[in-house]
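What follows is a short report on a single structure.
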Amino acid sequence: MKTKNILICVSGLTPQIITETLFCLSVKNKIPIHEIYVLTTQRGKNVIQGTDKAPNTPKSALKSEIENLCQQYKVNLPKFENNSEHIITAKEESLELSDIRTDKHNILFPNRMCEFIKSISTRDNTNLYCSISGGRKTMSVHLAFALTLFGRENDKLLHVLTSEKNEFKGFYPKNKQDAKELELSEIPFIRLRSILGSEIKDLKNYSDFVEKTQNQLKALTNKTKIILKTDTREVKFGLNSIKLEPQEFAIYFKLLEIKQEGKEKLTIGYLADIEFANAVYSFMREKYPYYYFDGKKKNTWWLKGFGHEAIRTKRSKINKCLAPLFDDEVTADQFIISSEREYGNTKYFIKSETDKIKLSY
């Protein structure tokens, strides 16, 4: 499938920035642009459509200027329409914001920005070219932040520069000298998409994205280890500690031990069967000889395996006991027993890196 290059811009009262960026990409850099999207305010939308009444704003519609540029320089015309699909505005109770000025507006606009970038970045076979040259500074900052959260390897953050005498003189260069003075700069940015992972789809607004990313970074940079002390059946994390029952401690200990040996994920079939039960049994017989094993008991798990339902119950009980060790859910998520659902054979695993696990035998 052919890769689509998508130009995304923020714009206020100077939509010339959009055509200047398009010129740099499609004419100077020979990068064909297939679609254009603009994030703006209600007044910015009027300016883009050439209907703003102020004497100092353009009266020519951006769509017409894009068509003129493409015709003059013989480049393919990107898809861009004067509608809400391509001209995107933040809305407050269904009324499009006239400007980005208040604290409330500065919540609504980044929410809309994140929603849009999150959505469009899920498209396969696309490259995003995001220009922060237009609009208010806060709008540019919001676009840069959104791309930091959702940007992929091939997505670009751009800024267009021109000489002061040519600034906003026209929609695009009409001669070689003007073209020479127009430059496109690529801005490096940090990509945090992999930190959010599959949980991206569950987050709703900008503050959620920021909080989740911050917690993920905190968890990743936290050097605190989870420590399991076999003699006391104690599990420690920082200043917090809990004590597990012998069987739960042995199960959790063996899961961490298996992870340290290099096996990341274990199927519920394996955990429910006799091999894993034997490993837990041997550990308990050695470390906790006082534990009562009676072959006449109804639940002789050490002779036949735990079974699927018992493993699910043990996992829930262990995770519930571990929860008080951690200050936040993101850190807890690194050390609890996670699951990956598969039809007929769910897999269980511990997400944490092995250097954050210390087992005391």
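Under the simplified labelling scheme, the residue 261-residue 225 pair shows an inter-label distance of 2.0 nm, with each label point 7 Å from Cα along Cα→Cβ.
Projecting the Cα atoms of 306, 323, 348 onto the charge dipole of segment 299-361, computed from C-beta unit charges around the Cα centre, puts 306 farthest toward the positive end.
How much accessible area does residue 208 have with a 1.4 Å probe, in Å² rounded to the nearest 10? Using a 1.4 Å probe on the heavy atoms, I get roughly 50 Å². Counted by Cβ distance under 13 Å from residue 79, the other residues give a net charge of -2, where Lys and Arg count +1 and Asp and Glu count -1.
Which entries of 118/223; 2/265; 218/351 show an alpha-carbon separation above 25 angstrom in the structure shown?
The pairs that break the limit, which is 25 Å between Cα atoms, are 118/223; 2/265.
The heavy atoms of residue 241 offer some 60 square angstrom of accessible surface to a 1.4 angstrom probe. Ordering 157, 269, 292 by the projection of their Cα atoms onto the charge dipole of the chain, which places +1 on the Cβ of Lys and Arg and -1 on the Cβ of Asp and Glu, puts 292 at the extreme positive end. What residues of segment 225-263 lie in the reach of a label at residue 317, counting those whose backbone N is under 12 Å from a point 7 Å from the Cα along Cα→Cβ? Once the point is set 7 Å along Cα→Cβ of residue 317, 244-252 turn out to lie under 12 Å by backbone N, inside segment 225-263. Translational diffusion of segment 217-361 was estimated from the Stokes-Einstein equation, with Rh taken as the Kirkwood radius over Cα pairs; at 10 °C and 1.306 mPa s the coefficient is 101 µm²/s. Of the trypsin sites (Lys or Arg not before Pro) in segment 267-361, the ones in a loop by DSSP (not H, G, I, E or B) with at most 15 other beta carbons within 10 Å are 296, 297, 298, 341, 351.
Where in the chain are the DSSP H helices whose C-alpha atoms run 18 Å or more along the long axis and whose mean Kyte hydropathy is at least 1.0?
Length and hydropathy pass: 137-150.
Length available on full extension from residue 342 to residue 137: 0.36 nm per residue minus the Cα-Cα distance, which gives 69.2 nm.
Only Lys, Arg, Asp and Glu carry charge here, each on its Cβ (+1 for the first two, -1 for the last two); on that basis the chain has a dipole of about 540 debye about its Cα centre.
Taking 8 Å as the Cα distance limit and 6 or more residues as the minimum spacing, I'd like the relative contact order of the chain as a percentage.
Over the chain, the number comes to 14 percent.
The residues of the chain present an accessible area of 53 Å² per residue when probed at 1.4 Å with all protein chains retained. One decimal place: the segment residue 64-residue 245 gains 57.8 nm when fully extended, by the rule 0.36 nm per residue minus the C-alpha distance. Rounded to two decimals, the Cα radius of gyration of segment 286-346 over 2.2 N^0.38 Å is 1.47. Length available on full extension from residue 82 to residue 190: 0.36 nm per residue minus the Cα-Cα distance, which gives 35.6 nm.
Using the Cβ-Cβ distance between residue 292 and residue 214 with R0 set to 41 Å, the FRET efficiency from 1/(1 + (r/R0)^6) comes to roughly 0.30. With every protein chain in place and a 1.4 angstrom probe, the accessible-area ranking of 19, 313, largest first, reads 313, 19.
As a calculated quantity, the FRET efficiency between residue 349 and residue 175 at R0 = 56 Å, using C-beta atoms, amounts to about 0.35. Residue 123 contributes an accessible area of around 90 Å² to the protein surface, as traced by a 1.4 Å probe with all chains present. For the chain, a Kirkwood radius taken over Cα pairs fed into Stokes-Einstein (20 °C, viscosity 1.002 mPa s) yields D = 88 µm²/s.
The values are calculated or read from the model by the stated rules, or taken from the named source; none is laboratory data. These figures come from a predicted structure and were not determined experimentally. Note that we place each Cβ from the backbone using ideal geometry, even for glycine, and neighbour counts take in every protein chain shown. Quick note on the areas: whole protein, heavy atoms, side chains included, nothing else; ligands and nucleic acids left out. Shrake-Rupley method; radii C 1.70, N 1.55, O 1.52, S 1.80 Å.
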